[in-house]
Amino acid sequence: MGIEIAGIKMKNPVMVASGTFGFGEEYSELYDLNRLGAIVTKSVTLLPREGNPPPRIVETPAGMLNSIGLQNDGLKVFLEKHLPYLSKFTVPVIVNVAGETLDEYVDVVKALSKENRVDGIELNISCPNVKKGCMAFGIDPKLTEELVKAAKKASKKPIIVKLSPNVTDITVIAKAAEKAGADALSLINTIMGMAIDIKTKKPKLAMITGGLSGPAIKPIAVRMVWQVAQAVKVPVIGIGGIMTAEDAYEFMLAGASAVQVGTANFVDIESPLKIIEGLKKYI
Ligand code: SIN
């Protein structure tokens, strides 16, 4: 079950996806985090962010929409509080990084690069819920290349680039990230969606639109993983509606070397563990 991706050694190929696992602390009371392949943290930005106003999560058929808006405590608190907490465990820690500008990404990447307990960095160029930065980088191959190049220059840690499905051809962005030196690619982040309450005639999310995740997006994610795996040589990490070991294996058959479990964490806290166990039958 062991695997090495972008130089990061993992016990198994099942990680928990950014934004669905906080910084691990709450989940650590429920099971041993060391059983996971890796933890991908909630996005860390240079400064603290309050995120978007509520309501910012809504359940939809076979999925959910979120418009969190990258709420997090910022780099300083991450380094002083969250990273030391994670240091109690041996599970690899991959820190998801987001920003409004190239310089903001670079500052965070530089600081994280000095930390022993950080095993890798996942560049979030795909959050659809903020007005500046993030997905603006991930839908433009030139900006993707510039950002990944700058992050690679600033980092001694492996750089995984998390891609957006909100593009016409995801392989163009994947190739741009690879050309700039990405060590691995993770995909997909959420698909932009919207829901309206027909009683109030108002959008269900305060920000009107949000990112769709969960089983509803799985066929799209499998298709994109399959396309990207053929277009690049770097390892691909599959994400998108993985609820069971069979889902995870489907992503592997499409070309993923590993997977991330996201929305399933909200349905069944132990789903990543069940997926690890179940995958043993297939791998
Ligand atoms: C959010 O914080 O709005 C979600 C993060 C993401 O989609 O990357």
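The values are calculated or read from the model by the stated rules, or taken from the named source; none is laboratory data. Being a predicted model, the structure only gives us computed values, none of them experimental. In this analysis, Cβ positions are derived from the backbone assuming ideal geometry, glycine residues included, and neighbour counts consider all displayed protein chains.
G255 - would you say it is touching a Ser or Thr at 6+ places or on another chain (Cβ under 9 Å), without any contact (Cβ under 8 Å) to a residue 60 or more places away in the chain and of a type outside the set (D, E, K, R)? Outline the logic, then answer.
On the way: touching a Ser or Thr at 6+ places or on another chain (Cβ under 9 Å): no; without any contact (Cβ under 8 Å) to a residue 60 or more places away in the chain: yes; of a type outside the set (D, E, K, R): yes.
Criteria not met by G255.
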Q) Is one or more of the residues making up region 48-60 hydroxyl-bearing (S, T, Y), more than 13 Å from the ligand (Cβ to nearest atom) and within 17 Å of T190 (Cβ to Cβ)? A) yes
Q: Give the number of residues within region 176-203 that are surrounded by 19 or more Cβ atoms within 10 Å (Cβ to Cβ), more than 19 Å from I121 (Cα to Cα) and over 15 Å from the mean Cα position of the chain (by Cα).
A: 1
Q | Search result, residues across region 105-147 that are away from the ligand (no atom under 12 Å from the Cβ), under 21 Å from L47 (Cβ atoms) and among the polar types (S, T, N, Q) | A | S113
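Yes/no matrix, rows are residues, columns are (1) of a type in the set (S, T, Y); (2) surrounded by fewer than 17 Cβ atoms within 10 Å (Cβ to Cβ); (3) assigned to a helix (DSSP H, G or I):
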| site | (1), (2), (3) |
| --- | --- |
| K81 | no, yes, yes |
| R117 | no, yes, no |
| E122 | no, no, no |
| K142 | no, yes, yes |
| E146 | no, yes, yes |
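If you scan region 155-201, which residues turn out to be closer than 12 Å to P141 by Cα, within 16 Å of the ligand (Cβ to nearest atom) and either hydrophobic (A, V, I, L, M, F, W, C) or at pLDDT below 95 (or both)? Let's see the steps before the verdict.
The initial filter retains those residues of region 155-201 that are closer than 12 Å to P141 by Cα, namely 163-164, 167-180.
Retained after the next criterion (residues that are within 16 Å of the ligand (Cβ to nearest atom)): 163-164, 167, 170, 173, 177.
Those that are closer than 12 Å to P141 by Cα, within 16 Å of the ligand (Cβ to nearest atom) and either hydrophobic (A, V, I, L, M, F, W, C) or at pLDDT below 95 (or both): L163, V167, I170, I173, A177.
Being within 13 Å of the ligand (Cβ to nearest atom) and either part of a loop (DSSP other than H, G, I, E, B) or farther than 18 Å from L123 by Cβ (or both) is the filter here, so list the residues in region 31-47 that pass it. Don't jump to the end; show me each part of the working.
Step one: of region 31-47, the residues within 13 Å of the ligand (Cβ to nearest atom) are 40-45.
Residues satisfying the conditions are T41, K42, S43, T45.
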Q: Scan region 164-177 and report the pairs whose first residue is under 21 Å from G210 (Cα atoms) and whose second residue is assigned to a helix (DSSP H, G or I) and polar (S, T, N, Q), with Cβ atoms within less than 7 Å and a gap of 6+ or a chain change.
A: I170/Q227
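Please go through region 61-79 and give me each residue that is outside any loop (DSSP other than H, G, I, E, B), more than 13 Å from the ligand (Cβ to nearest atom) and within 29 Å of I191 (Cα to Cα), ordered by number. If you could, list the steps in order and put the result at the bottom.
We begin by selecting, within region 61-79, every residue outside any loop (DSSP other than H, G, I, E, B); these are 63-66, 72, 74-79.
Checking which are more than 13 Å from the ligand (Cβ to nearest atom) leaves us with 63, 74-79.
Of everything in region 61-79, those that are outside any loop (DSSP other than H, G, I, E, B), more than 13 Å from the ligand (Cβ to nearest atom) and within 29 Å of I191 (Cα to Cα) turn out to be G63, G74, L75, F78.
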Q) Between a first residue in region 205-221 that is over 14 Å from V261 (Cα atoms) and a second residue that is among the small types (G, A, S) and within 11 Å of the ligand (Cβ to nearest atom), which pairs have beta carbons less than 8 Å apart while being 6 or more apart in sequence or on different chains? A) L205/S67; A206/S67; M207/S67; M207/G69; T209/S67; G210/S67; G211/S67
Q) Can you name the condition, by its number, that I242 falls short on among (1) touching a strand residue (DSSP E or B) at 6+ places or on another chain (Cβ under 7 Å); (2) outside any loop (DSSP other than H, G, I, E, B)? A) (2)
Q) How many residues are away from the ligand (no atom under 16 Å from the Cβ) and either closer than 12 Å to P48 by Cα or in contact with a Ser or Thr (Cβ under 8 Å, 6 or more places away or on another chain) (or both) if we restrict to region 89-104? A) 2
Q: Return a yes/no flag: does region 2-11 have any residue that is within 12 Å of the ligand (Cβ to nearest atom), of a type outside the set (S, T, N, Q) and modelled with pLDDT of 95 or more.
A: no
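In the set K110, K132, which member is surrounded by fewer than 21 Cβ atoms within 10 Å (Cβ to Cβ) and either part of a loop (DSSP other than H, G, I, E, B) or aromatic (F, W, Y) (or both)? Give the steps one after another, and end with the answer.
Details: K110 fails: either part of a loop (DSSP other than H, G, I, E, B) or aromatic (F, W, Y) (or both).
The unique qualifying residue is K132.
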